[in-house]
Ligand SMILES: CC(C)(COP(=O)(O)OP(=O)(O)OC[C@H]1O[C@@H](n2cnc3c(N)ncnc32)[C@H](O)[C@@H]1OP(=O)(O)O)[C@@H](O)C(=O)NCCC(=O)NCCS
């Protein structure tokens, strides 16, 4: 049976996770209005050694304050989610599902796992680019509401920051 598996990431998954992030960024973030080109994203070397080190570091830190789950389909990593619990701040850091696998409930399964980890009514915040309408709709489905513009987001190859808005679920 080829059931989708959601499980805690291991170091051996790091390369695949980096690849999911890279491919999903390239498919999702180019935008004419915000002058974000595919080339700019490629120049960020999303699949490079720095990105791999960061993911490996995160996997090594999995515990009470950080968790990273992957979604595997027939042995292939097709999505992942990272969550952080800091004093006074629960944060959903990344949620990516490969384009070819989107719209099949995988993101919802990852999100459900994460929200359970945070606790039923815990406040959780996240950032999302303003032109990512489908994703904003997805987050609203899980009770997140748009709170404010926010710039706690990656720097592009030309020095600008990715545009982003902040969403919160169960604000204090
Ligand atoms: C947002 C994302 C994680 C959702 O995962 P998913 O597996 O596609 O979502 P699901 O199949 O569980 O849920 C689909 C629902 O989300 C919405 N949705 C969001 N993105 C979608 C997409 N690309 N394709 C289809 N539905 C999408 C739909 O409105 C759908 O709602 P419905 O069930 O009422 O029809 C995924 O689409 C994705 O990785 N998108 C690109 C990267 C991204 O934006 N990540 C978030 C960064 S802040």
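Can you run down the residue pairs with Cβ atoms below 7 Å, 6 or more apart or on separate chains, where the first is in the stretch 102-124 and under 21 Å from residue 21 (Cα atoms) and at pLDDT 95 or above and the partner is outside any helix (DSSP H, G or I) and near the ligand (Cβ under 7 Å from one of its atoms)?
106/79; 106/97; 107/79; 107/95; 107/97; 110/79; 110/95; 111/95
In the stretch 85-96, which residue that is closer than 17 Å to residue 147 by Cβ and surrounded by fewer than 14 Cβ atoms within 10 Å (Cβ to Cβ) is modelled with the highest pLDDT?
89
Can we say residue 148 is within 13 Å of the ligand (Cβ to nearest atom) and under 25 Å from residue 29 (Cβ atoms)?
Numbers: within 13 Å of the ligand (Cβ to nearest atom): no; under 25 Å from residue 29 (Cβ atoms): yes.
Taking the combined requirement at face value, the residue does not satisfy it.
Say we look at the stretch 97-135 and pick out the residues that are under 13 Å from the mean Cα position of the chain (by Cα) and more than 8 Å from the ligand (Cβ to nearest atom); which of these is surrounded by the fewest Cβ atoms within 10 Å (Cβ to Cβ)?
125
Run residue 40 past the list (1) at pLDDT below 95; (2) in a loop (DSSP other than H, G, I, E, B) and report the number of the one that doesn't hold.
(2)
Look through the stretch 70-82, keep the residues that are touching a helix residue (DSSP H, G or I) at 6+ places or on another chain (Cβ under 6 Å) and within 17 Å of residue 138 (Cα to Cα), and return whichever of them is farthest from the ligand (Cβ to nearest atom). Step through it out loud before you land on a result.
Going residue by residue through the stretch 70-82, those that are touching a helix residue (DSSP H, G or I) at 6+ places or on another chain (Cβ under 6 Å) are 70-71, 77-81.
Those left that are additionally within 17 Å of residue 138 (Cα to Cα): 79-81.
Numbers: 79: 7, 80: 10, 81: 8 Å.
That would be 80.
Within the stretch 42-86, work out how many residues are touching a residue at least 60 places away in the same chain (Cβ under 8 Å) and under 28 Å from residue 158 (Cα atoms).
Here the count works out to 3.
Checking the structure you have, find out if any residue of the stretch 157-171 is without any contact (Cβ under 8 Å) to a residue 24 or more places away in the chain, in contact with a helix residue (DSSP H, G or I) (Cβ under 8 Å, 6 or more places away or on another chain) and within 14 Å of the ligand (Cβ to nearest atom).
Checked the stretch 157-171: no residue is without any contact (Cβ under 8 Å) to a residue 24 or more places away in the chain, in contact with a helix residue (DSSP H, G or I) (Cβ under 8 Å, 6 or more places away or on another chain) and within 14 Å of the ligand (Cβ to nearest atom).
The values are calculated or read from the model by the stated rules, or taken from the named source; none is laboratory data. Since this is a predicted model, take the numbers as computed values, not measurements. Cβ coordinates were reconstructed from backbone atoms using ideal geometry, including for glycine residues, and neighbour counts include every protein chain displayed.
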